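Read the structure below first, then the notes.
Quick note: the coordinates plus some simple rules give every number you see, no bench work behind them. Predicted, not measured: the structure shown is a model, and the values here were computed from it. Glycine also receives a Cβ, built like all others from the backbone with ideal geometry; neighbour counts cover every protein chain displayed.
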Amino acid sequence: MVPQVLDMTKTLREKHNVASPEGKFLVTNFEIEKSHHSGDGYSIVDYQFEIDKITDSEKLRYSGQFFNPKESDPTTPPVVYTTPWLTELKGFNTLIGKQLAKNGLPAISLGPEHPQIGGSIRHLTRTILNKEKILERDANSYNALLDYLNKEKIQDTSRITLFGYSRGSMIGIALNSLSKFSQRQILYNEFIDLCLLDSVQTMHLSLGKVAINLVNELIDGLIEVRKLPFEEQKHLLNTIPLDLSALIEQTSTGIALFRGETGLFLDKIPRDITGTVTFFNNSIFNQMDKWIQELNNFPNIHILNQKGYHLSGLNPQIILEGIGRIILFQKQYQNGIEPSEAIQKL
């Protein structure tokens, strides 16, 4: 029996309207925290930003990182990526940015919202009562930051590439649905294991099946982590949110994911969206069959079916293959090949 709070049916999905966020989410504070150079030819800049959510007079706080290659074509569109569920900005997510920068791609990472304890409890209450759509809130906040970076000439975000794993790919779907409001061109999307198009309630899973799958996921995750460079393995604990406020906020996000909020955006994204979506065949919550049926309506989306579980996305080879496709796509685009043609050559 799945709690009613997770009930987000296709009927509700069809009724949902993705409204223009203009004037509703404003960046009111942007601060560079620190900058440091690596020995691998790139720099990392930590930043924080504050969003004024005008509709209910709330301030939202996020953090992120810029990864700037020492030598790169200034016209190269940045790769924007957001964190998976139950992860913080650092650790595994920093590793993704490093790999992008090592390959000459400027990157912008966007972390989860970090409210005070009172704010996280308020968000959880509003989420349970279905008075707040957490994914839509975060996507609007990220969209507002990208607009701000472009307007203030901090980074050209008029053309971007999206990279996402798990929640990161689901936020990517939402950002595509908002692109028409920001006049931003999303050239290419590289998504790893999109999950939960519809509510988990529609899956009718037994507790036994879920328990067995979770054990297999943990075993697979440990195997994949061992494939990371030892130096990076030491920092993986930084990936896990440990303070109470962050855990409560991640609970709100989990409710949003499992009741199928991602599906609210599917019918609102442009039909010419271009990209590659990788699914893992043993990931029970990705609802792969449903996603593939829907994504077949988008002619420029290429679908890959890989062996593995959801945590197979931790495999550095999977990440590098995705980055390789981004590099190849951007080279073709910069050579004047249209996105719809470039995707056919990957």
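Note on the chain: GNM, Cα springs under 10 Å; of Pro112, Pro78, Pro241, the largest mean-square fluctuation is that of Pro241. Overall form of the stretch 277-330: oblate. Here a/c, set by the Cα gyration tensor axes a ≥ b ≥ c, is 1.5 or more, and a/b is not larger than b/c. When the Cα positions of Gln183, Thr83, Gln306 are compared along the charge dipole of the chain, Gln306 comes out farthest toward the positive end, with charges on each C-beta of Lys, Arg, Asp and Glu.
For Ile128 and Asn335, what does the FRET efficiency come to when R0 = 51 Å and r is the distance between their Cβ atoms, rounded to the nearest 0.05? Mind dumping the intermediate values first?
On the way: r = 50 Å, r/R0 = 0.99.
Approximately 0.50, to the nearest 0.05.
With n ≥ 4 as the cut-off for DSSP H runs, can you work out [θ] at 222 nm for the chain, using -39500 (n - 2.57) per run divided by the number of residues, rounded to the nearest 500?
Numbers: 11 runs with 132 residues, N = 346.
The per-residue figure over the chain is -12000 deg cm²/dmol.
Annotation for Ser38 and Leu346: the two label points, set 7 Å from Cα along the Cα-Cβ direction, are 2.2 nm apart. When only the Cβ of Lys, Arg, Asp and Glu is charged (+1, +1, -1, -1), the dipole of the stretch 280-346 relative to its Cα centre reaches about 160 debye.
Note on the chain: with a GNM built from Cα contacts shorter than 10 Å, the maximum mean-square fluctuation among Ser177, Ser57, Ser72 falls on Ser57. Note on His235 and Asn297: the model spin-label points, each 7 Å out from Cα along the C-beta direction, lie 4.1 nm apart.
What are the membrane-span-like helices in the chain by this rule: whole DSSP H runs, Cα extent along the axis at least 20 Å, mean Kyte-Doolittle hydropathy at least 0.0?
Numbers: long enough: 134-151 (25 Å, -0.53); 167-182 (22 Å, 0.45); 207-225 (27 Å, 1.10); 244-258 (21 Å, 1.09); 316-334 (27 Å, 0.17).
Length and hydropathy pass: 167-182, 207-225, 244-258, 316-334.
Taken about its Cα centre, the chain carries a charge dipole of about 280 debye when Lys and Arg each add +1 at the Cβ and Asp and Glu each add -1 at the Cβ.
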